[in-house]
1. Based on the Cβ-Cβ distance from Leu136 to Arg48, what FRET efficiency comes out when R0 is 25 Å, to the nearest 0.05?
2. Would you mind checking the pairs Lys120/Lys177; Lys23/Lys120; Lys120/Lys160 and listing those with alpha carbons more than 18 angstrom apart?
3. Using the beta-carbon distance between Glu148 and Asn14 and R0 = 22 Å, what value does 1/(1 + (r/R0)^6) give for FRET efficiency, to the nearest 0.05?
4. Give me the distance in nm between label points sitting 7 Å out from Cα along the Cα-to-Cβ direction at Glu5 and Asp174, one decimal.
5. Kindly identify the range 1-61 as rounded, prolate or oblate by the Cα gyration tensor criterion: order the square roots of the eigenvalues as a ≥ b ≥ c, call it rounded if a/c is under 1.5, otherwise compare a/b with b/c, prolate if a/b is larger, else oblate.
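Each value in this text was obtained by applying a stated rule to the coordinates, not by laboratory testing. Everything quoted here is computed from the prediction, not taken from an experiment. Glycine also receives a Cβ, built like all others from the backbone with ideal geometry; neighbour counts cover every protein chain displayed.
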Amino acid sequence: MELPERVITFRQSNDLTQSDLAKILGISSNYVSLIENGQREPGEGIVRHFELLERAYACGLFGESMTSEDFPGETPPSSSRNKSRRVPVLGMAHAGEATLYEEIPKDWQDWVDTESRDEKAFGVRLEGESMAPSYLPNDVLILNPSSEIYSGCLAVLKLKTDGFVFRQIERRSDHLKLVPLNPRWTVEEIPLSEVEWVYPLFGMYRQVWKG
């Protein structure tokens, strides 16, 4: 089965819209549409992460039941903590400025360990220095999509037009105040109408990229 057909079959069989799949992979819904229509050949990184996603859903969507038998020739890293579980790193967040990513680097970390119990939890690799020194480029942010955001929490936002942003969030009636931890960066205010989703931060994993 060719990739465009595989993407369509996977998405429809799991009741995902193009927007849903785009959110998980960290690309635009338009890019998903181009792939499905055979108008864009995705890079190796996106293909690899789509294949990872196929297997994750086949095993129960990021569940703890995954074993090395589910990944012939590719064993996800095992946990060194009793209560931790493996979650995939599927998207990206840019701490410097909102950027819409269409490709995933070839050295992208596939799995990280976390104690998050959110079944939908996943990681994103951080770029930019607006949240330094607490959060640095190449840190992996573990997100809890099922958790509620609150004023003062750290979260990754998916903006409808400009990609991803990682900031401290202050809620207002009709907008969000985005506060960087780096004092050299300015505070921004974003209307709620421009925000596609906001996922709060559960934790951070440092230095997990492949050599």
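1. The formula returns an efficiency of 0.50 here.
2. Lys120/Lys177; Lys120/Lys160
3. Efficiency for this residue pair is about 0.35.
4. The two pseudo-label positions are separated by 5.0 nm.
5. Rounded, since a/c falls under 1.5.
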